1. Say the dipole of the chain comes from +1 at the beta carbon of Lys and Arg and -1 at that of Asp and Glu; which of 338, 775, 497 then lies farthest toward its positive end?
2. Averaging over every viewing direction, what projected area does the convex hull of the Cα atoms of region 100-205 cover, in nm²?
3. What's the center-to-center distance, using Cα atoms, between region 435-461 and region 193-225 in Å?
4. Let me know the Kirkwood hydrodynamic radius for region 796-875, please, with Cα pairs as the basis and the value in Å to one decimal.
5. So how strong a dipole does the chain carry about its Cα centre when Lys and Arg Cβ are +1 and Asp and Glu Cβ are -1, to the nearest 20 debye?
6. Would you compute the Debye intensity of region 1-147 from its alpha-carbon atoms alone, equal scatterers and no solvent, and pass along log10 I(q)/I(0) at q = 0.09, 0.13 Å⁻¹ to two decimals?
7. Among the listed pairs 2/680; 668/762; 196/271; 743/856, which are separated by more than 25 Å between their Cα atoms?
8. Using the reciprocal of the averaged 1/r over all distinct C-alpha pairs, how large is the Kirkwood radius of region 568-726 in Å?
Amino acid sequence: MKIPSKYNPVEVEDKWYQYWLKQNYFHSEPDEREPYTIVIPPPNVTGVLHMGHMLNNTIQDILVRRARMLGKNACWVPGTDHASIATEAKVVAKLKSEGIAKKDLTRDEFLKHAWDWTDKHGGIILEQLKKLGASCDWERTCFTMDEARSESVIKVFVDLYNKGLVYRGVRMVNWDPQAKTAVSDEEVIHKEEQSKLYYVRYQIEGKDDFVTIATTRPETILGDTAVCVNPNDERFAHLKGKRVLVPLVQRSVPIIMDDYVDMEFGTGCLKITPAHDINDYEIGMRHNLETIDTFNDDGTLSEKAQILIGVDRFEARKQIIPMLEEAGNLVKVEDYKNKVGYSERTDVVIEPKLSAQWFLAMEKLGKPALEAVESDDVEFHPKKFKNLYRHWMGNVKDWCISRQLWWGHRIPVYYLSDSSFVVAETAEKALELAKEKTGNASLSMADLKQDDDVLDTWASSWLWPISVFDGINDPDNKDINYYYPTDDLVTAPEIIFFWVARMIIAGYEYRQDKPFKNVYFTGIVRDKLHRKMSKSLGNSPDPLELINQYGADGVRVGMLLCSPAGNDLLFDEALTEQGRNFTAKIWNSFRLIQGWEVAGFLKQPNHSRLAIDWFNQKLDEQLAIMNDHFDKFRISDALMTIYTTIRDEFSSWLLEVVKPAYQQPIDKKTYEEVLEALDKVLRLLHPFMPFISEEIWQLLREREDGESIMISQWPEAGEVDAALLNEFESVKEAIAGIRTIRKNNNLPMKDPLELKIQSGDKGYHQKYDPVLAKMGNLSAIELVSEEVKGAASFRVFSSSYFIDLGDLIDVEEELKKLEEELKYTEGFLNSVTKKLSNERFVSGAPEAVVAKEKAKQADAEAKIKVLQEQIANLK
């Protein structure tokens, strides 16, 4: 069979992905095997593939592919999230570009545009994931607003309401003036900014005297309903019971006393604006203050502000300063650093706002979810995220679950004309409940008005591990009973509260069990300058362009080479190039093997038998290490293990030892054993590099249609002969020593050399002479009892190796090298001896560590003795 000289990833990747799809390898149905389940963190339906998706889905695919090879019934459920705020914003922007305003459309008209947008863009990111090699069960693709998922969300809302856990209340919420909706605390990003602190004086009513307050938001003065001082602050004791006039609007408001005021901050006087600050709101509640909301939903000033009506809040801030100055109320302005909350979705400054919203009571619901992580029933990798989770769950606040949007799951609350309401899964059920509640059998649909708000996006995705198997609507179906709880969740730490915690809460509430056994937190993908990758910075490469340039396998390897669990990934395109180069290395090794002529009559040479025995042991050792890495979710370390095994042990050692002489055939036994070793190596590589491993595996042997490496068996690790591996390491070191002598003395490999060995306790094993002879091109190997004077030499542990170069050796140069090595070894021995003479180290370090240092000491002492003798021989 003619093997192309260069590996073509574009052609190969498409060919094998279509083959896997045709064979239906990705699809799973419940059976007698052990299930292995992952649910994809659903990307936004509006999204396209970015580097974070690449990392996350590469790791998921690795875990799923390995599970299949372990004989498990692997099921990876894909899907997308309807992303209320993000999608609505994109649809509004699209309509605006067409000259259509949302306010001019009915809800149904707007939703038709939103569904059109979703139908057009919704499948893009999933199609892109196929380019990466994602082995998702595409037949199970879900969408958070498809029929089954929507029914699940509404059913849960009604259930939680009936349990008394969902309630409606007027609360201070985080208001996004651009999206015109409330957002949760977790959707607010606090950024440190260089602001201004404005000192403004308020006249004491009936007196020619003033109190001064300090504020970063002078535009909210128009909503002030009190000035507050600390009752323990003697400076203001005389103000008790007095009133002040709010600047510009001359509203008379009381001076109140409250311990909340920090006497050290600003002037010690605090203006109170209950409608626009959470702390002011709570003080207002305690002191029964009036609440004046001076902002419209879009962040402009309302009629209640009395002045600057309709002006944007930040423009109002600029305009109000000269007005305060002119009125004689502005005392001074100082630079001030503070943290300002921004909406995660729209990146506009959040406005604290009093609003009637729907909330979910979290304290009772959260307890089982906290215990699950504390007890490692749900295990976090890395463990450090337990502390973050514990802190949030220990201080969990009620969840504001309503959003003032049209795109999303409409809240199933139906109001009657008297503002009473019923909660039901459908309008028909709501009408029946309304009739029961009022006793009015003549009520019709026209008498009911459904709540305009929709649910927070996370109020659908928190059910994801259950709802993808329809476990809410049909709690005893075969899929949910078989696949739940899922095994592993791969996600980013920034959504530990938005999503991970809430899924655990939902799992215990609706299945009385955890939703997953392990959570693997990836890091954030950053550039080499440690900046988060983003479109605005222009530092995020297009993943599909990377795949076109380096191949999917190369990109997968590149991502993982810089991806320790839970730590930020500093992405460097050079690593994807390294991944591509590794692909070429594997391909070239395969081509080398395929190019050998096989002779059935040849007997297997000893050097090949020894090398194959060693490599099989080495592979078993590396397989055990890989399995341990997988068990501990050290995915990058698992990759590096097989990466170095292929690069160093397979290609650089095994193939070099067994390859026949130029234009000579290889014996059949060695050839078959090398193919078997490569087959095993490819199976270990497959989860990481699915395409090239499939291509080579298919070419290794004659395959039947329907065979694939992805459903072959993950190799089993046998007992490892550690002594054999150590012996072969000595052989490798000796070969390296011979090569160094050849290089230093310009002796070509074609010229045979004679090797003499003074064997010590360690460093030489006669049975490996055939390997030494082949790799060193040695015409003779002779054991000697003493040093060979005038010969080039090196040591492997306590054994000395000599090559008599006759007139070819430069005695002075050789002496110089030996003396340098002696000096270095004496320095090394000195550092080890110092360590061992430190009583604290010897008594405090583990026994194995101390033993290792003592072995280093003994080896260095032996080496020094030999070097001294070699120097003496040359002098």
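The values are calculated or read from the model by the stated rules, or taken from the named source; none is laboratory data. As the structure is a prediction and not an experimental result, all values here were calculated from the model. Because the Cβ atoms are built from the backbone with ideal geometry, glycine has one as well, and the counts that use them run over all protein chains shown. Side chains are part of the model used for accessible areas, which takes the heavy atoms of the whole protein and leaves out ligands, DNA and RNA. Shrake-Rupley method; radii C 1.70, N 1.55, O 1.52, S 1.80 Å.
1. My answer, from the dipole projection, is 338.
2. 15.4 nm²
3. The two parts, judged by their Cα centres, are 45 Å apart.
4. This gives a value of 14.3 Å.
5. Working: 110 positive and 141 negative charges, 213 e Å.
Here the chain has a charge dipole of around 1020 debye.
6. Log10 of I(q)/I(0), two decimals: -0.39, -0.71.
7. 668/762; 743/856
8. Mean inverse Cα-Cα distance, inverted, gives 16.8 Å.
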